[in-house]
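One structure is given below, encoded as structure tokens.
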Amino acid sequence: MARLHYQIVCLRQDVLQKLTTRLAESYGIIGVENLHLKGLLKNRRLARAFSDASLGALVRLLEAKATQQGGQVIKVDRFFPSSKTCHGCGWTWDEMSLKDRIFVCQNPSCSYVHVPQDRDHNAGHNVLQEALRLIGLVDQAVSGTGSDEDANLAVDAG
């Protein structure tokens, strides 16, 4: 039984190592939500899933490897409404609950109005935008005024 537990620990560590290496090598700026892990572990329904995911170890490894690669990990505040905000226009769905897995913007002037979006995908866009805003790059990313000299573009590969 102890050998089986050891194998599981090794497999999980291997997955974390490979994932963080791939992320650190692929991206220079990585935005993550600064979650209150101890609070999440108090929820009986979610505690096992969160502890199995080793989110704390994931972030620590990611920070170390991103720094080695010359990148950085930006932590977005846990109270930032990433899931409740439309990444296109900034409209906020205040009544959204955890059971709502699809985000639908209700702003009539938004290009995503009434377009069903995956909640987590929308939140990912918002975390990236907030991370860029925190380090002062959001204007460059949105308007395209940043330097593209060092960019690895797909058209350059051929």
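The table that follows gives values for the structure above.
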item	result
Cleavage-rule hits, chymotrypsin sites (Phe, Trp or Tyr not before Pro), segment 71-138, DSSP coil, Cβ neighbours within 10 Å at most 11	F79
Cys with no candidate disulfide partner in the chain (beta-carbon separation under 4.7 Å rule)	C10
Model label zone, A53; criterion: amide N under 14 Å from point 7 Å along Cα-to-beta-carbon; scope segment 1-43	32-43
Tensor-based shape of segment 28-98 (alpha-carbon gyration tensor, a/c under 1.5 rounded, otherwise prolate or oblate)	oblate
Inter-centroid distance (Cα atoms) of segment 64-79 relative to segment 1-52, Å	16
Share of carbon and sulfur in the accessible heavy-atom surface of the chain [1.4 Å probe, %]	54
Longest site-free stretch - the chain; sites: GluC sites (Glu not before Pro), DSSP loop, at most 16 other Cβ within 10 Å	1-94
Amide proton proximity set for C105, modelled H, under 5 Å, gap of 5+	H114, V115
Where N is the number of residues in segment 83-123, Cα Rg divided by 2.2 N^0.38 Å	1.00
Candidate lysines for bridging to K84, where Cα separation is under 19 Å - those fewer than 8 sequence places away on the same chain excluded	K75, K99
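The values are calculated or read from the model by the stated rules, or taken from the named source; none is laboratory data. Every value quoted in this text rests on a predicted model; they were computed, and no experiment measured them. Glycine also receives a Cβ, built like all others from the backbone with ideal geometry; neighbour counts cover every protein chain displayed. These area figures cover heavy atoms from the full protein model, side chains too; ligands, DNA and RNA do not enter into them. Shrake-Rupley method; radii C 1.70, N 1.55, O 1.52, S 1.80 Å.
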